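The values are calculated or read from the model by the stated rules, or taken from the named source; none is laboratory data. The structure displayed is predicted, hence computed values, not measured ones. All Cβ positions, even for glycine, are placed from backbone atoms using ideal geometry, and neighbour counts span all protein chains on display. The protein model used for the area step is the full one, side chains on, heavy atoms only, and it has no ligands, DNA or RNA in it. Shrake-Rupley method; radii C 1.70, N 1.55, O 1.52, S 1.80 Å.
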Amino acid sequence: MAEHMMLIDLTKCTGCRACQVACKEWNGLRAEKTKFNGSYQNPPDLSYDTWTLVRFDEMKSENSLKKVEWLMRKEGCMHCVDAPCVQACPSPGALVKTPEGAVVHNPKYCIGCKACVVACPFDIPRYSPQEEKIAKCTLCYDRITEGKVPACVEACTTGCLEFGPKEDIIARAKARIKEVDASLYPNNGYETHVIYIVPKYAKVEEYSHLNPDPKVPSTELWWKNLFKPLTLIGMGGVAGLAALHYLIKGPHRVDDKGTEGGDDNG
Amino acid sequence: MTREPKGVMIMASKEDMVRITDAQERITHWILAGSFLIALITGLGLMYHHWSIIPTIFGGYYASKWIHIFSGVMFGLSLVMAIPMWWKECLFVEGDGKWIMKAGGYLWDAEDIPPAGKFNAGQKIFYWFVVVFGVILVVTGLIMANALSFPVVVARWAFMLHAMSVFVLASFLMVHIYLGTIGNPGTIQAMLHGWVTRAWASVHCPRWLEEKVDNTSSSSNS
């Protein structure tokens, strides 16, 4: 199946949380005990059992008719093109980038090392100490490979969520930001398979838990692209040079009189 | 005594042997070495996906994770034993700089090499590398194993510094293994049973032989 994308048009989100419920239902995720914190956001955060969440923020409005602007944002895995979590994962098969663009975790192979949690620029994967594994949105990989849209998209009441082939979604997004004078996120060149349309009256910074400048962590680039190959080059290189040294110079022997024999000529 | 062929380690009589390490040093050395090697091998298995043979040998990726963490903790504990045990003998003294410039004659022929003590300047450098990068490995490893208890920027730095320290230590380890084994026959005995020939010591540790063995009563060298 070709590369697909999801578009989250925040100008259309009403915060109904149908996506949240549909996600729980389709993926068979347990309900959680929650707590009222003075916000409509519920549950308070993503978790091992909550893979998508509508975040609620209140922003001071410049509209004279109302004091507060509601910002609702459906949060979940962004399914990065160059996914840092997949690169960081030590266990093959535990986190996989699929041809459809989804980044899928497989609990069967997850060893619970938390490297992906650390690597993620969006703080998405959630670790369960009980299960010793991580979990996150899979873009409903089991649905999209059957030609269906993800459960959240299916359930969306306002058309805020759209899913389709990459080119179609990008074209839709570009047309839409002209139509409503909005902007795209991410807008720093970082590529993901989930993109947002952010309304003009809100800035990216106004949304809580949304990294305004997502990128592969530079620390990961360093260890992955530099120290990882260097370790092999270093160990292999030194071992090779030692072998060469042995072949050329031979062992540095000491006889019982305390005289040195640099080679075996004597 | 019959003259053995040159280079063959003859089992000399006790008078010809001196003891250069005590049991505590040897045990510490091998716990340090063993735990590091196990952590290194499992770590390489977790880092290089092509080497899935390593996790297979160690019982899978999940088992490898725990063996890696456990051997890392063992390495940390043995470091705690090793650091106070050798630091005094590994302080640099006059002549060590010159020794380094000539690599002590271990890598190429050199004349006029300052006499080494129990540890030569190269071994001292290795010791301090093990201290510095070993501590970094253990500290960053503990941070990685408990990554979610730290700010994410700290955890990210831990991953990078862990990999960097492995590169440095594992490469240096190859030098250490070569020079301690086939490169210098007879040397490994210092870490097996501690007894080395007087001849070996007069070449590899002349200053130690002179100051610590010959200057003390001859019966106290065991």
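Results, tabulated for the structure shown:
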{"item": "Per-residue [θ]222 nm for the protein assembly as shown (sum of -39500 (n - 2.57) over DSSP H runs n ≥ 4, rounded to 500)", "result": "-12500 deg cm²/dmol"}
{"item": "Equivalent ellipsoid dimensions for the protein assembly as shown as semi-axes, Å, which come from the Cα gyration tensor, largest first", "result": "63, 21, 20"}
{"item": "Shape of segment A:171-231, Cα gyration tensor, a/c cut at 1.5", "result": "prolate"}
{"item": "Relative contact order (percent, whole number), chain A, Cα cutoff 8 Å, 6+ residue spacing", "result": "23"}
{"item": "Exposure of B:Ile177 as accessible area (Å², to 10), given a probe of 1.4 Å and all protein chains", "result": "70"}
{"item": "Cα→Cβ-extended label distance, 7 Å offset, between A:Ser64 and A:Asn106, nm", "result": "6.2"}
{"item": "Inter-site label distance for B:Trp108 and A:Glu3 at 7 Å from Cα along Cβ, in nm", "result": "5.2"}
{"item": "Number of partner chain Cβ atoms within 10 Å, mean per residue of A:236-246", "result": "4"}
{"item": "Net length gained if the chain between A:Leu241 and A:Thr158 were fully extended (0.36 nm per residue, minus Cα distance)", "result": "23.2 nm"}
{"item": "Accessible area (Å², 1.4 Å probe, nearest 10) - B:His193", "result": "70"}
{"item": "10 Å Cβ neighbours from other chains, averaged over peptide A:124-134", "result": "1"}
{"item": "Whole-Å semi-axes of the ellipsoid equivalent to chain B (Cα gyration tensor, √5λ, descending)", "result": "37, 19, 17"}
{"item": "Pair B:Met101, B:Trp87: separation of 7 Å Cα→Cβ label points (nm)", "result": "3.0"}
{"item": "Relative contact order %, chain B, counting alpha carbon pairs below 8 Å whose residues are six or more apart", "result": "28"}
{"item": "Heavy-atom SASA rank of B:Asp16, A:Asp255 (probe 1.4 Å, accessible area, largest first)", "result": "B:Asp16, A:Asp255"}
{"item": "Rounded FRET efficiency, nearest 0.05, which uses the C-beta distance separating A:Leu232 from A:Ala175 and R0 of 51 Å", "result": "0.55"}
{"item": "Listed peptides B:160-167, A:58-65, B:184-191, A:86-93 by packing density, highest first (mean Cβ within 10 Å)", "result": "B:160-167, A:86-93, B:184-191, A:58-65"}
{"item": "Residues in segment B:119-145 that a label on B:Asn215 would reach, taking backbone N under 19 Å of a point 7 Å out along Cα→Cβ", "result": "B:119-121"}
{"item": "Ranking by accessible area, most exposed first, for A:Glu3, A:Glu132 with a 1.4 Å probe", "result": "A:Glu3, A:Glu132"}
{"item": "Projected-area mean, segment B:162-203, by convex hull of Cα positions, square nanometres", "result": "3.6"}
{"item": "Near-label residues of segment A:152-186 by backbone N, under 11 Å of a point 7 Å along Cα→Cβ of A:Cys16", "result": "A:155-161"}
{"item": "Peptide B:170-177, shielding by other chains (average Cβ, 10 Å cutoff)", "result": "5"}
{"item": "Loop-exposed GluC sites (Glu not before Pro) per DSSP, neighbour cap 11 Cβ within 10 angstrom, longest uninterrupted part of chain B", "result": "B:112-222"}
{"item": "Largest-first ordering by accessible area, 1.4 Å probe, given options B:Tyr62, A:Tyr40", "result": "A:Tyr40, B:Tyr62"}
{"item": "Relative contact order of segment A:1-146, pairs being alpha-carbon contacts under 8 Å that are 6 or more residues apart, as %", "result": "21"}
{"item": "Given A:Lys108/A:Lys215; A:Lys12/A:Lys74; A:Lys12/A:Lys174, the pairs whose alpha carbons are separated by over 18 Å", "result": "A:Lys108/A:Lys215"}
{"item": "Angle between chain B longest axis and helix B:121-145 axis [Cα atoms, degrees, rounded to 10]", "result": "20"}
{"item": "Accessible solvent surface per residue of the protein assembly as shown, calculated while the other protein chains remain in place, 1.4 angstrom probe, Å²", "result": "50"}
